Amino acid sequence: MNITKGTWKVVDLRRVQGYAIETRDKPICEVPDYIGNTSGETESNAHLIASAPDMYEALKEIKLVWQELDPDIKFPHLQEVINKALAKAEEMK
């Protein structure tokens, strides 16, 4: 998967209302604060986006470990959720 390398962080946009996601001072995206968002919703969305690369890597690691476990240990619903999340992240249009 080809994503911007480095630690993604949330930056408060002083010039406009909202937040930016960036790494090494390289912008990735902006999360504007729209009218109608609940208190803290925009900031929470920004932090969720910034954590996406870490969550993606964690899910890949969990899937890998699961494949090495005893085949009798199954959690089909959790495996399906993990597979769907990874497929969504890897989807290219």
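Could you tell me which chymotrypsin sites (Phe, Trp or Tyr not before Pro) in segment 1-42 are loop residues by DSSP with no more than 12 other beta carbons within 10 angstrom of their beta carbon?
Values: sites: Trp8, Tyr19, Tyr34; in loops: Trp8, Tyr34.
Passing both the DSSP loop test and the Cβ count: Tyr34.
In this model, which of Lys5/Lys88; Lys5/Lys74; Lys63/Lys84; Lys26/Lys84; Lys9/Lys63 are farther than 22 Å apart at the alpha-carbon? Can you show the working numbers first?
Details: Lys5/Lys88 19 Å; Lys5/Lys74 34 Å; Lys63/Lys84 12 Å; Lys26/Lys84 29 Å; Lys9/Lys63 26 Å.
Pairs exceeding 22 Å: Lys5/Lys74; Lys26/Lys84; Lys9/Lys63.
Tally Lys/Arg at +1 and Asp/Glu at -1 over every other residue whose Cβ is under 13 Å from the Cβ of Ile28; what's the total?
On the way: positive: Lys5, Lys9, Arg24, Lys26; negative: Glu22, Asp25, Glu30.
Net of charged neighbours comes to +1.
Could you please state how large a percent of the accessible area of the chain is carbon and sulfur, counting protein chains only and using a 1.4 Å probe?
It is 56 percent, rounded to a whole number.
If you place +1 on the Cβ of every Lys and Arg, -1 on the Cβ of every Asp and Glu, and leave all else neutral, what size is the dipole of the chain about its Cα centre, to the nearest 20 Debye?
Working: 12 positive and 16 negative charges, 68 e Å.
Here the chain has a charge dipole of around 320 debye.
Given the C-alpha atoms of the chain, compute the convex hull and give its volume per residue in Å³. Walk me through the numbers on the way to the answer.
Working: hull volume 12.7 nm³, N = 93.
Cα convex hull per residue, to the nearest whole number: 137 Å³.
Rounded to the nearest 500, what is the chain's calculated 222 nm mean residue ellipticity when only DSSP H runs of at least 4 contribute -39500 (n - 2.57) each, over all residues? Mind showing how you got there, number by number?
Details: 3 runs with 42 residues, N = 93.
Helix contribution divided over all residues of the chain: -14500 deg cm²/dmol.
With the contact rule set at Cα under 8 Å and sequence spacing of 6 or more, what percent relative contact order holds for segment 1-49? Present the calculation step by step, with values, prior to reporting the outcome.
Working: 66 pairs, mean separation 14.4, N = 49.
Reported relative contact order: 29 percent.
Return the long-range amide H neighbours of Tyr19 (sequence gap of 5 or more, or a different chain), with a cut-off of under 5 Å between placed amide H atoms.
When sequence neighbours closer than 5 places are left aside, the close amide H contacts are Leu13, Val31, Asp33.
I'd like to check one number: the per residue accessible area of the chain, probe 1.4 Å, reported in Å² as a whole number.
Ligands and nucleic acids excluded, the result is 80 Å² per residue.
The values are calculated or read from the model by the stated rules, or taken from the named source; none is laboratory data. Being a predicted model, the structure only gives us computed values, none of them experimental. Positions of Cβ are backbone-derived with ideal geometry, glycine not excepted, and every protein chain shown enters the neighbour counts. Please note that ligands, DNA and RNA were not included when accessible areas were found on the heavy atoms of the full protein model with its side chains. Shrake-Rupley method; radii C 1.70, N 1.55, O 1.52, S 1.80 Å.
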